[in-house]
Amino acid sequence: LQFAYQPKSKVIGIVSGKGGVGKSNFSLNFAISLCQKNKKVLLLDFDVGMGNIDVLLGTVTNLSIIDIFDKNLTIRDIMN
C-alpha cells in the first residue's frame, strides 16, 4: 500500500470471515470492470493460505504477499 495513498486514490477491501463465499471472484470481476472504465487498479490478494487470483487469471506466480514480509520485498517486487 506504499504507493496507494495518492491524493485521488481509494482503497477498497473485500473481506469475509468465511472461505468459499466468492471474495476472489467478486474482487477480480470488480477490478476488471473498473479497468474497463479506464481506472487504474492494483488488485492484491491478501489471503495467505488460499489466495487464488493468479489461478482465476490463468497465470503462474512464484511470489505472494507473504514474500513482502519473509524476503523484505516491496509490492512492486511481487507484482506480475
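Considering each of Val15, Val48, Val41 in turn, give the residue that is surrounded by fewer than 10 Cβ atoms within 10 Å (Cβ to Cβ) and not in a helix (DSSP H, G or I). So that I can check it myself, show each step before the final result.
Working: Val48 fails: surrounded by fewer than 10 Cβ atoms within 10 Å (Cβ to Cβ); Val41 fails: surrounded by fewer than 10 Cβ atoms within 10 Å (Cβ to Cβ).
Going through Val15, Val48, Val41 in turn, the sole match is Val15.
Taken over the range 25-80, the criterion of being hydroxyl-bearing (Ser, Thr, Tyr) and either free of Cβ contacts under 8 Å to residues at least 60 places away in the same chain or under 15 Å from Ile14 (Cβ atoms) (or both) is satisfied by Ser27, Ser33, Thr59, Thr61, Ser64.
Residues to consider are Phe26, Phe30, Phe69; find the one that is at pLDDT 90 or above and surrounded by 13 or more Cβ atoms within 10 Å (Cβ to Cβ). Give the derivation first.
On the way: Phe26 fails: surrounded by 13 or more Cβ atoms within 10 Å (Cβ to Cβ); Phe69 fails: surrounded by 13 or more Cβ atoms within 10 Å (Cβ to Cβ).
Being at pLDDT 90 or above and surrounded by 13 or more Cβ atoms within 10 Å (Cβ to Cβ) holds for just one of Phe26, Phe30, Phe69, which is Phe30.
The values are calculated or read from the model by the stated rules, or taken from the named source; none is laboratory data. Being a predicted model, the structure only gives us computed values, none of them experimental. A quick note on method: Cβ atoms are made from the backbone with ideal geometry, for glycine too, and the neighbour counts reach across all protein chains shown.
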